[in-house]
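Please read the structure below before turning to the comments.
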Amino acid sequence: MASPRDLDTLLDALDPEATLVERHLWLVRLLDWMRGDRSSVGTTLERLQLLIERLETGAELRTRAQAWWLALLDGVDGTTLLADHGFAQRPVFLSEFINRLLRHVLPATPQTRDASELHTLLFPHDFDAAWLGRLDEETEKRLAAALGLPAAGSRAWLAALEESIACCVSQICAVGYAPELRLRMDNSAQQQSYRELLVDFETLRRALQQRPIDAAALDQAVQAFKDRLDACRQAAASVYTHLDEHGISVDVVFRLRQLRERVLRCRLLLDVLLAPDAVGTGKLLAQLTLAGHNNRSLRALIAGNSSLLAAKVAERSAETGEHYITRNRAEYADMLRKAAGGGALISVTTLLKFALLGLGLSAFWGGFAAGLNYALCFVLVQLLHWTVATKQPAMTAPAMAAKLRDLQAPGAVEDFVDEVSHLVRSQVAAVIGNLALVVPGVLLLSGAYWLAVGHAPLSLEKAEYVLQSLTLFGPTLLFAAFTGVLLFASSIISGWTENWFVLQRMDSALRYHPRITAVLGEARADRWATWMRHNISGLAANISLGFMLGLVPAFAAFFGLGLDVRHVTLSAGQLSAAAVTLGPDILKLPLFWWCVVSIALVGVLNVAVSFFFAFRLALRAHNVTGLDRTRLYRAIRARMRRTPLSFFWPPRETPVAEPLRHG
C-alpha cells in the first residue's frame with residue numbers, strides 16, 4: 001500500500017510556476033503512485049479518494065492545485081487528444097505500420113504540447129483503462145470541484161468537445177470523399193450522407209450555443225446528426241460489397257476502419273458533451289486509453305486490416321482446393337493418374353537438378369537455376385493437368401475449414417468428418433501416384449543415360465552424399481517440416497496474387513486494352529484474359545514454390561542457418577538416382593532403408609505442416625471460434641474405429657434405385 005507520506009511528498013512538490021516538462025513529469029509520478037503495482041483497481045481508486053480528500057481539506061493546497069491545473073490545460077492542445085488520439089497518423093497501411101514500428105523503438109518525450117502524446121505517457125497500461133472506467137459520477141464531481149472546473153473550466157471543456165467533434169466530422173468527410181472509397185461506394189448510399197454531415201453538425205452547434213437553449217430544437221438537431229452519422233457508416237459499408245466481388249485492398253480496408261472508428265468517436269464525444277456537468281469523462285478517458293493502446297499495437301494493425309485479405313485468400317484457396325479432393329472411386333482413380341503424370345515429370349526434374357549441380361555455379365546462381373528448374377516443372381505439371389502431391393494440403397485445408405462455418409447445423413460434424421476422410425485419402429492417392437512413377441522414371445532415365453554415356457548420372461561421391469543427406473539420423477525431418485512451411489507460403493502467395501489480379505482488373509485490361517487487342521486481336525485477347533483469370537493462382541503458386549525450394553537454401557547458407565528443403569517426391573527421385581550408381585548392393589545397406597523410412601516421414605511432414613498452417617488461417621479467416629473440438633476429434637476417432645479403410649480407399653458407391661414403372 002502507498003502511504004500518505006508518499007502522497008504528501010508529491011503534493012509538496014506541486015508548483016504552478018513549474019515549466020511545461022516539469023508539470024508533465026510531476027503528473028507522471030502522481031499517476032505512478034496511484035496505480036502502484038497495478039494489482040488492484042480498488043486500491044487505485046482508494047488512492048484517488050485519498051488525493052481528493054487532501055485537496056478538499058487543504059485550502060492552500062487546493063488553490064495551488066487549481067492554478068497548476070489551469071496551467072496544465074493552457075499548455076497542451078486538448079483537441080489532439082479528444083479527436084485524434086487512437087487514430088492512425090498516416091493515411092495508408094504501410095506508412096502507418098512503419099510509424100508504429102518507430103514508436104515502439106524510439107522513446108517518447110514529456111516535453112510536448114500534444115495532449116495525445118502526453119496521454120500516452122500518463123496512461124501506458126491497459127490497467128489504466130480498467131480503473132478509469134470504474135470512476136463513478138460522485139467521484140468525478142468531487143475531483144472536478146477540487147480542481148475548480150465548474151467555475152473556470154466548464155465552458156473551456158465544452159468548447160474543446162465541440163471543436164473535437166468538428167474535427168472528427170471533417171475527417172469523416174475527407175475519408176468518405178477519398179477516390180479509393182468514393183468510386184467503390186453505392187452512389188445512392190453516399191450521395192447526401194457526407195455532403196450533409198457538416199451542415200447537420202453546424203445546425204447542432206447553433207442549437208447548443210443558443211441562449212436560452214431550445215430543448216426541442218436541440219433534441220431534433222442531435223437526432224438528425226446521429227442519423228446522418230449512421231448513414232455515413234452505411235455508405236462506407238457498401239464498399240465491402242465491392243471488395244468482396246472485385247478483390248480486397250488492405251489500404252481501403254484500413255480507411256474504412258478508420259472512418260467507422262471516427263463515427264463512433266463522434267457519438268462518444270457527443271454523449272459527453274450533452275451530459276450534465278460533463279459527467280462520463282472517466283469512461284471517455286478509458287476509451288481513449290484503449291484506443292491509444294490499440295493504435296500503438298503492430299499486431300492489432302496487421303490483424304484488423306488484413307483479416308478480410310486473409311478471408312479472400314482462404315476463399316480463393318478453397319475454390320482451388322475443391323479440385324484436389326476426391327469423393328468417389330472414379331475421382332480417386334483420376335487422382336492416381338494425375339499424380340502419376342506429375343511423378344513422371346518430376347523424375348526428369350530430379351536428374352536435371354544433378355546436371356545443374358555439375359555446372360559448379362555459385363551459391364546464388366546455383367539456387368536460382370534449381371528454382372527455375374523446379375518452377376518450370378511445376379508449371380508444366382499444371383498445364384498438363386497433372387498434380388504434385390505436397391501442393392494440395394495448403395489448398396484443401398481452406399475448403400475443409402469452410403465446412404465448420406455452421407457447426408451447429410444438423411449433420412455438420414458428420415459432414416466435416418466425411419471431408420477429413422476425403423482429404424486424407426486424396427493425399428494418399430496423390431503421394432502414391434507421384435512415387436509410383438518418379439522412382440521407375442528415374443531408374444529408366446538413369447539406365448538410358450548409362451547406356452548412352454557409359455556411366456551413371458551420379459558419381460559415387462554424390463550418391464553417398466545423397467544417402468547421408470536423406471538418412472533419418474540427420475536433420476531431414478526438420479528440413480521436411482520447413483518445406484511444409486514453404487508449401488503453405490506458396491499458397492498464400494497464390495491467393496494474394498489472384499486477389500491482386502482481380503483487384504487491379506487485369507483480366508479486363510488484357511481483354512479490352514487497345515494496344516493489347518491491336519497485337520493479339522480481340523478474340524485472342526479475350527481467350528488470354530480468360531485463361532489468365534483461371535490460371536493465375538496456380539501459376540503464382542507453382543513459380544513461387546519452385547524458386548523458394550531453390551533459393552531459400554542458398555540464402556539460408558549465406559546467413560549460416562544451415563536450412564535445406566526435403567520434398568518427398570524429389571527426395572524419392574534422388575534416392576533412386578543414387579541407387580543406380582551404387583547398384584543392387586544398396587539393398588543390403590541399412591543406411592538405404594533408413595532413407596526409405598525417412599522419405600515416408602518426409603511425405604507426412606510435408607503434408608501435415610502445410611495443412612496445419614493453412615487450416616489455422618482458414619479458421620481465422622472464417623471467424624470460426626469456440627468450436628467444440630472435443631466433439632470433432634471424438635467423431636473422427638469413431639470413424640477411424642468403425643471404417644478405418646475409408647481414410648485410404650473410397651467406399652463403394654451406393655447405387656441409386658430406379659423408380660418403379662407402372663403400365
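The values are calculated or read from the model by the stated rules, or taken from the named source; none is laboratory data. Source: prediction; values computed, not measured. Using ideal geometry, Cβ is built from the backbone for each residue, glycine included, and neighbour counts are taken over all protein chains shown. The area values use the complete protein model at the heavy-atom level, side chains included, leaving out ligands, DNA and RNA. Shrake-Rupley method; radii C 1.70, N 1.55, O 1.52, S 1.80 Å.
Our estimate of slack between residue 103 and residue 531, defined as 0.36 nm per intervening residue step minus the Cα-Cα distance, is 149.5 nm.
Provide the FRET efficiency to the nearest 0.05 for the residue 186-residue 414 pair, computing r from the beta carbons and using R0 = 35 Å. Calculated value: 0.30.
Helix content alone sets the calculated 222 nm mean residue ellipticity of the chain: runs of n ≥ 4 DSSP H residues at -39500 (n - 2.57) each, divided across all residues, give -25000 deg cm²/dmol. Shape summary: the chain maps onto an equivalent ellipsoid whose semi-axes, from the alpha-carbon gyration tensor, are 64, 31, 25 Å in decreasing order. Centre-to-centre, using Cα atoms only, region 445-477 and region 216-237 are separated by 75 Å. As a ratio to 2.2 N^0.38 Å, the alpha-carbon radius of gyration for region 180-245 is 1.39. When the square roots of the Cα gyration tensor eigenvalues are ordered a ≥ b ≥ c, the ratio a/c for region 232-297 is 1.5 or more and a/b does not exceed b/c, which makes its shape oblate. Backbone phi angles across region 335-343, fed through the Karplus curve with coefficients 6.51, -1.76 and 1.60 (θ = phi - 60°), yield HN-Hα couplings of 5, 4, 5, 5, 5, 4, x, x, x Hz in residue order; Gly and Pro are listed as x. Pairs of lysines in the chain whose Cα atoms sit within less than 23 Å of one another amount to 10, provided the residues are eight or more positions apart or on different chains.
Working note: Cα gyration tensor of region 486-580, eigenvalues times five, square-rooted, sorted largest first, giving semi-axes of 37, 16, 11 Å. The local environment of residue 384, defined by Cβ-Cβ distances under 13 Å, has a net charge of +2 under the rule Lys, Arg +1 and Asp, Glu -1. One chain, two ends: residue 299 and residue 71. Fully extended at 0.36 nm per residue, the span grows by 78.3 nm beyond their Cα-Cα distance. Judged by the gyration tensor of its Cα atoms, with axes a ≥ b ≥ c, region 323-388 is prolate; a/c meets the 1.5 cut and a/b is the larger of a/b and b/c. Tally Lys/Arg at +1 and Asp/Glu at -1 over every other residue whose Cβ is under 11 Å from the Cβ of residue 198; what's the total? In short, 0. Convex hull volume of the Cα atoms of region 14-78, normalised per residue: 90 Å³. Shape annotation for region 493-535: C-alpha extents along the principal axes are 31, 16, 10 Å, from largest to smallest. Can you figure out the FRET efficiency of residue 241 with residue 512, using R₀ = 25 Å and their beta-carbon distance, to the nearest 0.05? Efficiency, rounded to the nearest 0.05: 0.55. Classify region 442-515 as rounded, prolate or oblate from the Cα gyration tensor: take a ≥ b ≥ c as the square roots of its eigenvalues, call it rounded if a/c is under 1.5, otherwise prolate when a/b beats b/c and oblate if not. Taking the square roots of the gyration eigenvalues as a ≥ b ≥ c, region 442-515 is oblate. In a reduced charge model with +1 at each Lys and Arg Cβ and -1 at each Asp and Glu Cβ, the chain shows a dipole moment near 2220 debye about its Cα centre. Once you reduce region 85-138 and region 340-388 to the center of their Cα atoms, the two points are 52 Å from each other.
Other residues lying with their Cβ under 9 Å from the Cβ of residue 533 contribute a combined charge of -2, Lys and Arg counting +1, Asp and Glu -1.
Mind checking the angle between helix 460-470 and the chain's longest principal axis? C-alpha axes, 0 to 90 degrees, to the nearest 10. Computed tilt is about 40 degrees.
Along its three principal directions, the equivalent ellipsoid of region 60-201 from the Cα gyration tensor extends over semi-axes of 34, 22, 14 Å, largest first.
Highest mean first, the peptides 201-211, 345-355 sorted by other C-beta atoms within 10 Å per residue fall in the order 345-355, 201-211. Summary of packing: across the peptides 295-301, 269-275, the per-residue average of other C-beta atoms within 10 Å ranks them, highest first, as 269-275, 295-301. Cα-based radius of gyration for region 1-114, normalised by 2.2 N^0.38 Å, reads 1.31.
Subtracting the Cα-Cα distance of residue 137 and residue 504 from 0.36 nm times their residue separation leaves 126.8 nm of extension gain.
For the peptides 572-580, 107-115, the ranking by packing is 572-580, 107-115, with the highest mean count of neighbouring Cβ atoms within 10 Å listed first.
Solvent-accessible area per residue in the chain equals 50 Å², computed with a 1.4 angstrom probe and all protein chains kept.
Of interest is the spacing of the C-alpha centroids, which for region 191-212 and region 570-592 amounts to 82 Å. Here the calculated FRET efficiency for residue 274 and residue 125, from their Cβ-Cβ distance with R0 = 35 Å, stands at 0.70, rounded to the nearest 0.05.
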